[in-house]
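I have placed the structure first, in the form of structure tokens, so that the comments after it can refer back to it.
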Amino acid sequence: MSDIEISLLSDCTKTNKEIAELLKCSVVTISRKRKKYGIIVPRGLKPGQHNNKITKYKTNCIKCGNLFELTPCRKSTAKYCSRNCMIISEEYRNILKNVDKSYMKSEKYRKTKLKEDTTEYRKFRNRVANLTEYVYNENMFKINPNNYIRTLAGIDGGYHLDHIISCREGFDKGYTPEQISDVTNLQMLPWRDNIVKGKK
């Protein structure tokens, strides 16, 4: 290593990025070279660099009185040092008591919570999924004679149980869940082929 390189690596007024540009190498290489040749430089800000560290404020918890730190964005809202202090606080409990929950008694809200409000296609797909598993378990050797391993997408060598006529296509054409789940409509496909097929 030349004297110029050693002086650059020892220069504590330059950042690693600046030295890397001068030596035409990566920032990681700078750290490795310093370690290799035993060059130690003080850590911290270089001249001209700005401190981007977020200033933290300290305040006392209104419940227990403990001092705690908070970021500027929470300076005007944070009152409690922990969730426990917040929950046992009378002030917080009163806020919860006075929250308007009248919308939960409306007919519109009630309907969003009913199972009957589930879309027809989702009901159809769920029924197909349940029937498909049952049919597969009953006819495993017929559908999967090579004993392919069923896996999630992304696992090498994995296969999916595929519907030759897809759920969506069957729903649009008016087939029943029983027809889509029939043994003649099931096949084993590599997971990648199944995903490609689904995007067509």
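Of ASP156, ASP100, ASP162, all but one fail to be at pLDDT below 90 and under 29 Å from the mean Cα position of the chain (by Cα); the exception is ASP156. Scanning segment 108-130 for residues that are among the polar types (S, T, N, Q) and modelled with pLDDT under 70 returns THR112, THR118.
Counting only helices (runs of 4 or more DSSP H) that sit completely within segment 145-200, those holding 1 or more residues that are in contact with a Leu (Cβ under 8 Å, 6 or more places away or on another chain) and farther than 17 Å from ARG122 by Cα correspond to 191-199.
State yes or no: is ALA129 surrounded by 12 or more Cβ atoms within 10 Å (Cβ to Cβ) and not β-branched (Val, Ile, Thr)? Spelling it out, ALA129 is indeed surrounded by 12 or more Cβ atoms within 10 Å (Cβ to Cβ) and not β-branched (Val, Ile, Thr). Determine whether segment 56-73 contains at least one residue that is modelled with pLDDT under 80, in a loop (DSSP other than H, G, I, E, B) and either surrounded by 14 or more Cβ atoms within 10 Å (Cβ to Cβ) or out of contact with any strand residue (DSSP E or B) (no Cβ under 6 Å at 6 or more places or on another chain) (or both). Yes, segment 56-73 has at least one match.
The values are calculated or read from the model by the stated rules, or taken from the named source; none is laboratory data. Only a predicted model underlies this, so the values are computations on that prediction, with no experimental measurement involved. Methodologically, a virtual Cβ is constructed for each residue, glycine included, from the backbone with ideal geometry; neighbour enumeration extends over all protein chains shown.
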